[in-house]
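S.K.: Structure below; questions to follow.
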Amino acid sequence: MKQANSVLSGYGTTVFEVMSRLAVQHRAINLGQGFPDDRGPDDVLRAAAAAVTDGWNQYPPMMGTPDLRRAVAEHGRRFYGLEVDWQREVMVTSGATEALAACLFGLIEPGDEVVLFEPLYDSYVPIIRRAGGVPRFVSLSPPDWRFTEADLAAAFSPRTKLVLLNDPLNPAAKVFDRAELELVARFVREFDAYAVCDEVYEHIVFDGRPHLSLMSLPGMRERCLKIGSAGKTFSLTGWKVGYVTAAPELLQPVAKAHQFLVFTTPPNLQAAVAYGLSQDDAYFAGLAADMRRRRDRLSAGLASVGFDVLPAQGTYFVVCDIRPLGLDLADDAFCEQIVAEAGVAAIPVGAFYVERPVRHCVRFCFAKQDAVLDGAVERLSAYFGRGG
Ligand code: PMP
Ligand code: GLN
């Protein structure tokens with residue numbers, strides 16, 4: 001048999017799928033893969049149902065339905081003060097995953113360098129490498145996941161085509177502050193590069209902290225591609241509706257990739273997401289408040305079990321240092337052991353690294369019902385013989 005593509009065939013199944021399968025196999029409570037376990041907002045679901053039965057179910061326009069593109073542009077104005085031309089600067093994609101792939105395939109030339117912050121989401125590096133790009137890593141470490149000017153200076157070069165920044169950062173649950181973003185922006189400008197901004201958790205930010213979009217910083221409007229996800233913003237992760245906002249010159253090459261990857265995204269879901277994005281501010285504030293409550297519930301429970309629980313500023317996730325529990329296992333072995341023996345699934349943080357893995361931390365997802373979070377803490381308490 002002739003060989004399949006050597007870049008992609010080198011990768012195993014994603015850690016999220018692996019841990020979810022193990023959770024099913026061991027009848028474990030799944031706090032691994034990041035997805036909420038409720039139905040999602042009723043009115044958004046009804047809008048989708050109505051669009052299926054009463055609406056148009058043939059191919060929508062390649063760039064997305066006008067309603068959703070208008071809603072994304074208006075969302076950019078409302079939350080970030082961005083002036084966005086919905087016809088030339090917004091494209092709807094099949095999830096943020098496709099938006100990322102379209103940006104990377106559309107912009108990278110073989111040999112281009114891409115600056116990445118690790119820990120990082122697992123789809124980035126395979127797509128960059130498949131596009132012929134060369135990843136350059138800035139490694140962030142717990143507990144504060146900070147980087148310095150020297151770290152950026154070591155990663156950027158005249159060959160840097162773009163930086164990929166995930167903010168809020170999965171799995172670190174970090175929200176970058178203005179000083180950090182300004183430093184990134186300075187390097188992007190100095191090296192005449194672009195920034196792909198994965199902001200899927202933009203509305204899941206806690207404790208009154210602002211989420212600043214890199215795109216809203218001086219000189220960055222023309223250099224950034226901002227990616228959002230309805231899956232996260234409406235707690236409907238299976239929908240796979242994403243959106244990219246970028247200057248026309250940047251969006252055009254990305255649209256070239258999109259037209260050959262998926263071409264369009266289901267129109268009924270686009271209609272419901274357009275409805276969802278135009279809800280008043282209370283919806284968005286309510287989402288963050290609800291997730292913060294869950295974060296606090298799970299964090300307190302995990303602390304009582306004996307984990308060193310790190311601060312979670314945003315996302316669905318909380319990271320814990322496992323060393324105080326004294327098992328003397330690396331993060332992956334620890335996750336395999338607790339899924340089988342304690343009946344709780346988590347994700348090893350080391351899985352989000354390529355170059356300098358951190359092996360003493362695991363990630364738990366708190367976007368779950370209270371009873372599920374409490375059940376997981378009870379199981380862990382029983383297993384580790386404390387708290388609860
Ligand atoms: N980026 C990050 C950081 C994520 O956590 C996720 C969640 N799966 C995605 C992108 C993909 O989002 P979507 O489900 O909209 O493709
Ligand atoms: N983004 C989700 C997570 O980090 C999962 C996405 C996936 O399963 N690929 O858990």
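S.K.: Stokes-Einstein diffusion coefficient for the range 160-259 at 20 °C in a medium of 1.002 mPa s, Rh from the Kirkwood formula over Cα pairs: what value in µm²/s? Working shown, then result.
M.R.: Numbers: Rh = 14.2 Å.
Result for D is 151 µm²/s.
S.K.: Expected output is a single nm value to one decimal: the length gained when fully extending between Asp38 and Ala333, i.e. 0.36 nm times separation in residues minus the C-alpha distance. What is it? Spell out each step's value before the answer.
M.R.: Numbers: separation 295, 0.36 × 295 = 106.20 nm, distance 2.97 nm.
Taking 0.36 nm per residue and subtracting the Cα distance, the gain is 103.2 nm.
S.K.: Expressed as a whole percent, how much of the Cα-Cα distance distribution for the range 117-218 exceeds 22 Å?
M.R.: Values: 1347 of 5151 pairs.
Here the long-distance tail beyond 22 Å is 26 percent of all Cα pairs in the range 117-218.
S.K.: Of the beta bridges DSSP finds with both residues in the chain, what % are antiparallel, to the nearest 5? Write down the numbers at each step before the final one.
M.R.: Details: 20 of 41 bridges.
That works out to approximately 50 percent antiparallel.
S.K.: Please report, as a whole percent, how much of the solvent-accessible surface of the chain comes from carbon and sulfur atoms (probe radius 1.4 Å).
M.R.: Working: 8170 of 15890 Å².
Ligands and nucleic acids excluded, carbon and sulfur give 51 percent.
S.K.: Let me ask something additional. Provide Rg and Dmax in Å for the chain, with only Cα atoms included in the calculation.
M.R.: 20.6, 59
S.K.: Determine one quarter of the surface area of the Cα convex hull of the range 256-332, which equals its mean projected area, and express it in nm² to one decimal. Mind dumping the intermediate values first?
M.R.: Values: hull surface 35.3 nm².
One quarter of the hull surface, i.e. the mean projection, equals 8.8 nm².
S.K.: Then there is this: Return a whole-number percent for the relative contact order of the range 234-388, with Cα pairs under 8 Å and 6 or more residues apart as the contact set. Let's see the in-between values first.
M.R.: On the way: 169 pairs, mean separation 32.8, N = 155.
Reported relative contact order: 21 percent.
S.K.: How high is the relative contact order of the range 296-372? Use alpha-carbon pairs under 8 Å, at least six apart in sequence, and give a whole percent.
M.R.: The value is 30 percent.
S.K.: Which values of log₁₀ I(q)/I(0), to two decimal places, follow from the Debye formula for the range 1-105 at q = 0.18 Å⁻¹ with a uniform point scatterer at every Cα?
M.R.: For the range 1-105 at q = 0.18 Å⁻¹, log10 I(q)/I(0) is -1.13.
S.K.: Can you return the aspartates and glutamates within cross-link range of Lys232? Criterion is Cα-Cα under 14 Å, with same-chain partners fewer than 8 residues away left out.
M.R.: Asp37, Asp38, Asp167, Asp198, Glu199, Glu202, Asp290
S.K.: What accessible area per residue, rounded to a whole number of Å², is obtained for the chain using a probe radius of 1.4 Å? Could you put the intermediate results ahead of the total?
M.R.: Details: 15890 Å² over 388 residues.
Result: 41 Å² of accessible area for each residue.
S.K.: When you have a sec, figure out the Kirkwood radius of the range 219-284 from all distinct Cα pair distances and drop it here in Å to one decimal?
M.R.: Values: mean 1/r = 0.0749 Å⁻¹.
Kirkwood hydrodynamic radius for the range 219-284: 13.3 Å.
S.K.: Straight-line reach from Lys240: which aspartates and glutamates have Cα under 13 Å away, leaving out those fewer than 8 places along the same chain?
M.R.: Excluding near neighbours in sequence, the set is Glu98.
S.K.: Still on this structure, I have one more. Taking the Cβ-Cβ separation of Arg189 and Asp281 as r and a Förster radius of 25 Å, what is the calculated FRET efficiency to the nearest 0.05?
M.R.: Numbers: r = 32 Å, r/R0 = 1.28.
So the FRET efficiency works out to roughly 0.20.
S.K.: Show which lysines lie in cross-link reach of Lys161 when reach means a straight Cα distance below 19 angstrom and same-chain residues fewer than eight apart are skipped.
M.R.: The reachable lysines, counting only those whose Cα sits under 19 Å from Lys161, are Lys226, Lys256.
S.K.: Another one. Per 5 Å bin from zero, what fraction in whole % of the C-alpha pairs of the range 301-388 is there, up to the bin with the longest pair?
M.R.: The distribution over the range 301-388 is 3, 15, 25, 30, 17, 7, 2, 0, given as percents.
S.K.: If you don't mind, another one. With the cut-off at 14 Å, report for the range 294-336 the share of all Cα pairs above it, as a whole percent.
M.R.: On the way: 446 of 903 pairs.
Everything past 14 Å amounts to 49 percent.
S.K.: Roughly how many Å is it from the Cα centre of the range 256-288 to that of the range 135-168, as a whole number?
M.R.: Using only Cα atoms to place each centre, the spacing works out to 30 Å.
S.K.: Where Rh is the Kirkwood radius over the Cα pairs of the range 235-368, the temperature 20 °C and the viscosity 1.002 mPa s, what D in µm²/s does Stokes-Einstein return? Before the final figure, lay out each step's value.
M.R.: Details: Rh = 18.1 Å.
Estimated via Stokes-Einstein, D reaches 118 µm²/s.
S.K.: Right, next: Given Cα pairs under 8 Å that are at least 6 residues apart, what percent is the relative contact order of the range 52-153? Don't jump to the answer; show the numbers that get you there.
M.R.: Numbers: 96 pairs, mean separation 19.0, N = 102.
With pairs under 8 Å counted, the relative contact order is 19 percent.
S.K.: Can you tell me what percent of all Cα-Cα pairs in the range 20-72 are more than 14 Å apart? Could the numbers behind the result be given before it?
M.R.: Details: 996 of 1378 pairs.
That tail contains 72 percent of the Cα-Cα pairs.
The values are calculated or read from the model by the stated rules, or taken from the named source; none is laboratory data. The structure presented is a predicted model; accordingly, all values stated were derived computationally and were not measured. Here the Cβ is made from the backbone with ideal geometry for all residues, glycine too, and neighbour counts use every protein chain on show. Heads up: the accessible areas ignore ligands, DNA and RNA and are worked out on the full protein's heavy atoms, side chains in. Shrake-Rupley method; radii C 1.70, N 1.55, O 1.52, S 1.80 Å.
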